[in-house]
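K.L.:
Starting off with a structure, shown below.
Nothing in this text is a laboratory measurement; each read-out follows from the coordinates by a stated rule. These numbers come from a predicted model, not from an experiment. Glycine also receives a Cβ, built like all others from the backbone with ideal geometry; neighbour counts cover every protein chain displayed.
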Amino acid sequence: MNGLMMDYQLTIPSILKRVNQVYPNKRVISKLANEQIHEYTYRDMYKRIIRLMNALKKLGIKPEDRVATFAWNSYRHLELYFAIPSLKAILHTLNIRLFPEQMEFIINHAEDQIIFIDKSLVDVITPLQGKIGKVRNFIVMDDGGKEPSGKLANAIDYEELLSSSLEEECFLQIDENTASALCYTSGTTGEPKGVLYSHRSTYLHSFALCLAGSLAICERDNVLPVVPMFHVNAWAIPYASPMSGANLVFPGPNMLGKSLAELMESYRVTLAAGVPTIWNLLYHHLKNNKHDLASLRAMVIGGSAVPKSLIDNFYKDFGLNIIHAWGMTETSPLGTASILTKEMESLTYNEQLNFKAKQGPPVAGIEIRAIDDDGKEVSWDGKSIGELEVRGPWVAKEYYKNPELKEQFASDGWFKTGDVVCIDENGFMEITDRKKDLIKTRGEWISSVDMENYVMGLKGVLEACAIGRQDNVKDEAPVLYVILSKDAAETIKAKDIYTHLSNKFAHWQLPKLSDIHFVDSIPKTSVGKFDKKELRKRLK
Ligand code: AMP
């Protein structure tokens, strides 16, 4: 049809060119492994990215080649985020917390050719040498970490590579549907699966982070992505921030409460993002130490359910606002964000809290629905429960080099998330559980997430995790693992947890006293979620 709009391609280098033209003096601040601060402008970044692109070309990187990173959140990782896709190659962010066998599997499956690695992480990779056949070079980035004990073959220093390279622009024409980045799911179920993002999906997803009805990232922001750049593109914050002209503050390897609070205070951070365990640590640090965090407009929390008590405590104790968001590797990840509507402002504090604790409505661009066991869509009534399905321009339509894995892809173009949810009249979605994590007792479901969050609301409880145990009478019975604070260790007993739970849960849902275990730690997955698979194994 005549008279239509331009066929403009949505690509990652267009974000890069814009930040250099429009916001050249905005800043990128990085804390390094030796606790020192590195600071430069987007203009400096741009020049180094041009050099890096030339260096990659000299190393023989061609379109569709996979180039991996094994690094903390820092300016060099950001340079790689732009340089690799700008050459039509594929940025493969390796998760540094995986087990060696999984890492080996992923590197070989992706057929990575080069790995860019932080010096402080070299010792994690050296044992894999000889098992990762296609990797021909390691580029070591000196992040001030301690000298590695092992040696990498064919290693090149990142800074030497850049200084010996040209500063001549070498941008390519890129079709927006070209692959830009690859990330493997953390594999709480089965073998890791690769999700391949495109320039278009990344561009649109970054736009979504800037919408006022989502994270509203804008030029006035100083954004601290604590969520690692090795997991789902750090929720695309490294793209959305330059896109909108926001300053970036990278935390490096130190994600303890003290370090984060100091960064937030020194660099007047306005928006921070990470998983609940990180913010739990921050909360406890803030309880005992004074910091001026008045600049912070919101902390985005996702990756696991945020206990309502954490949202409440942050607000009541420090006036800090939490945005609860939901997403998956397969959804780039942003799917929903719990931003209250104007109408909700007239609700009571507790009513608002109930909405904030939900995962929220879909962000513009994403559609959601919940499907029951009979395959029917359930109504948005705040009661009916079904499996969440999503679709949109930044949702995967298949797995990388695994098109036969069809189970999660519905034939009518929706992605089956495996999360069990209910959606209310306002479109606010609430996860009641992962499908496999629901505990089924005498044919009735118990939400392990509900139970965990409720126990974590008890003063003195730091963490709580619930799984099901096979039981002859009940089918499955809930088992609770609880970590107490030092002060509470003497005072809180299994009976107190039981009594607390009985305020909310029916008698048949309660764990036996002997199934409430006090522990020093709970196993976590590589991205900091409770590792229920491992707990179940231990329980057996
Ligand atoms: P991953 O692909 O490793 O990021 O894991 C995605 C899964 O994490 C989702 O399917 C959910 O089960 C879980 N998840 C992510 N965000 C949330 C959230 N805000 N609340 C509860 N679970 C979440």
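K.L.:
May I ask you to list the residues in segment 61-108 that are part of a loop (DSSP other than H, G, I, E, B) and within 20 Å of the chain's Cα centre (by Cα)? Show your work before the answer.
P.N.:
As a first pass, look at segment 61-108 and keep what is part of a loop (DSSP other than H, G, I, E, B): 61-65, 71-74, 87-89, 94-99.
Passing the criteria: Ala71, Trp72, Asn73, Ser74, Leu94, Asn95, Ile96, Arg97, Leu98, Phe99.
K.L.:
For segment 513-533: of the residues being touching a strand residue (DSSP E or B) at 6+ places or on another chain (Cβ under 9 Å) and in a helix (DSSP H, G or I), which is nearest to the ligand (Cβ to nearest atom)?
P.N.:
Step one: of segment 513-533, the residues touching a strand residue (DSSP E or B) at 6+ places or on another chain (Cβ under 9 Å) are 515-524, 528, 530-532.
Checking the rest, the ones that are also in a helix (DSSP H, G or I) come to 515, 532.
Details: Asp515: 23, Lys532: 11 Å.
Among residues in segment 513-533 that are touching a strand residue (DSSP E or B) at 6+ places or on another chain (Cβ under 9 Å) and in a helix (DSSP H, G or I), the one nearest to the ligand (Cβ to nearest atom) is Lys532.
K.L.:
Just give me the residues in segment 216-238 being more than 16 Å from the ligand (Cβ to nearest atom) and part of a helix (DSSP H, G or I), in sequence order. Walk me through it before giving the result.
P.N.:
We begin by selecting, within segment 216-238, every residue more than 16 Å from the ligand (Cβ to nearest atom); these are 216-224, 238.
Matches in segment 216-238: Pro238 only.
K.L.:
Any idea which of Val306, Val275, Val300 is within 16 Å of the ligand (Cβ to nearest atom) and touching a His at 6+ places or on another chain (Cβ under 6 Å)?
P.N.:
Working: Val275 fails: touching a His at 6+ places or on another chain (Cβ under 6 Å); Val300 fails: touching a His at 6+ places or on another chain (Cβ under 6 Å).
Every option except Val306 fails the conditions.
K.L.:
Within segment 397-409, which residues are assigned to a loop (DSSP other than H, G, I, E, B) and farther than 24 Å from Val449 by Cβ?
P.N.:
Result: Lys397, Glu398, Tyr399, Tyr400, Lys401, Asn402, Pro403, Glu404, Leu405, Lys406.
K.L.:
Determine, yes or no, whether Arg18 is more than 23 Å from Ser120 (Cβ to Cβ) and touching a residue at least 40 places away in the same chain (Cβ under 8 Å). Give the derivation first.
P.N.:
Details: more than 23 Å from Ser120 (Cβ to Cβ): yes; touching a residue at least 40 places away in the same chain (Cβ under 8 Å): yes.
Here the answer is yes, as Arg18 does meet what is asked.
K.L.:
Something else now. Restricting to segment 360-391, count the residues that are buried (at least 16 other Cβ atoms within 10 Å of the Cβ), in contact with an Asp or Glu (Cβ under 6 Å, 6 or more places away or on another chain) and under 17 Å from Asp433 (Cα atoms).
P.N.:
Final tally of qualifying residues: 5.
K.L.:
Taking Trp394, is it surrounded by 23 or more Cβ atoms within 10 Å (Cβ to Cβ) and more than 13 Å from the ligand (Cβ to nearest atom)?
P.N.:
It is true that Trp394 is surrounded by 23 or more Cβ atoms within 10 Å (Cβ to Cβ) and more than 13 Å from the ligand (Cβ to nearest atom).
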